[in-house]
Amino acid sequence: MKKLALSIVLAGMSATSFAAGGHGPAGCGLGTEYVFKNADAWYEHVLAATTNGTSGNQSFGMTSGTLGCEDANGPLSGSLAVFMNENLEPLAVDMAKGDGETLNALAALMGIKSEDKALFNTEMKQNFDKIFASAQVTPTTAHEGIMDVMSNSQELTKYLG
């Protein structure tokens with residue numbers, strides 16, 4: 001009897017966890033959002049889950065807050081994720097110089113006030129090698145580097161939420 005009650009509780013928890021994110025049983029990702037968007041049969045959900053899991057797009061979606069994974073609230077969720085994904089190279093050039101349109105746009109997106117912008121630009125320039133440590137830098141690792149630099153600055157930590 002205990003096993004039956006436990007099974008019912010676990011099945012109920014499993015069903016609610018699927019529904020928590022507002023997406024179907026396949027979870028979020030490319031398979032759910034685009035390939036099998038209107039899935040209503042069990043095999044379509046299986047194919048959507050397989051697409052999400054095998055192509056690596058689900059972890060990208062969870063990190064960036066895209067592909068229906070907004071509820072994961074990853075480190076790059078929202079407009080900052082889109083900005084980092086689309087402007088990584090010009091941002092690197094501007095950070096190396098300590099000034100530029102892309103760096104100014106990043107500061108604006110992060111809510112850096114005008115009185116702290118010069119410090120922000122200086123910190124990004126001085127820590128360029130830390131933020132862009134290798135040729136394999138991704139928007140996620142660059143964002144983590146920026147957050148690390150800001151967390152080590154007494155004046156910039158107030159912008160980290």
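The values are calculated or read from the model by the stated rules, or taken from the named source; none is laboratory data. Treat the numbers as computed from the prediction; the structure is a model and nothing was measured. Positions of Cβ are generated from backbone atoms using ideal geometry, with glycine treated the same way; all protein chains shown enter the neighbour counts. Each accessible area value is taken on the protein alone, full model and side chains, heavy atoms only, with ligands, DNA and RNA left out. Shrake-Rupley method; radii C 1.70, N 1.55, O 1.52, S 1.80 Å.
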Taking all protein chains in place and a 1.4 Å probe, what share, in percent, of the accessible surface of the stretch 79-159 do carbon and sulfur account for? 49 percent
So how far apart, in nm, are the two label points at ALA41 and LEU88 if each is 7 Å from Cα heading toward Cβ? 3.9 nm
Under the 7 Å Cα-to-Cβ spin-label approximation, ALA105 and THR122 lie apart by a distance in nanometres of 2.6 nm
Say each of ALA96 and LYS113 gets a label point 7 Å from the Cα, pointing the same way as Cα to Cβ; how far apart are those two points in nm? 3.3 nm
When only C-alpha pairs under 8 Å and at least 6 residues apart count, what is the relative contact order of the stretch 79-159, in percent? 31 percent
For Cα pairs less than 8 Å apart in space and 6+ apart in sequence, what is the mean separation divided by the residue count of the stretch 39-137, i.e. the relative contact order in percent? 15 percent
How large is the accessible surface per residue of the stretch 81-122, computed with a 1.4 Å probe and reported in Å² as a whole number? 50 Å²
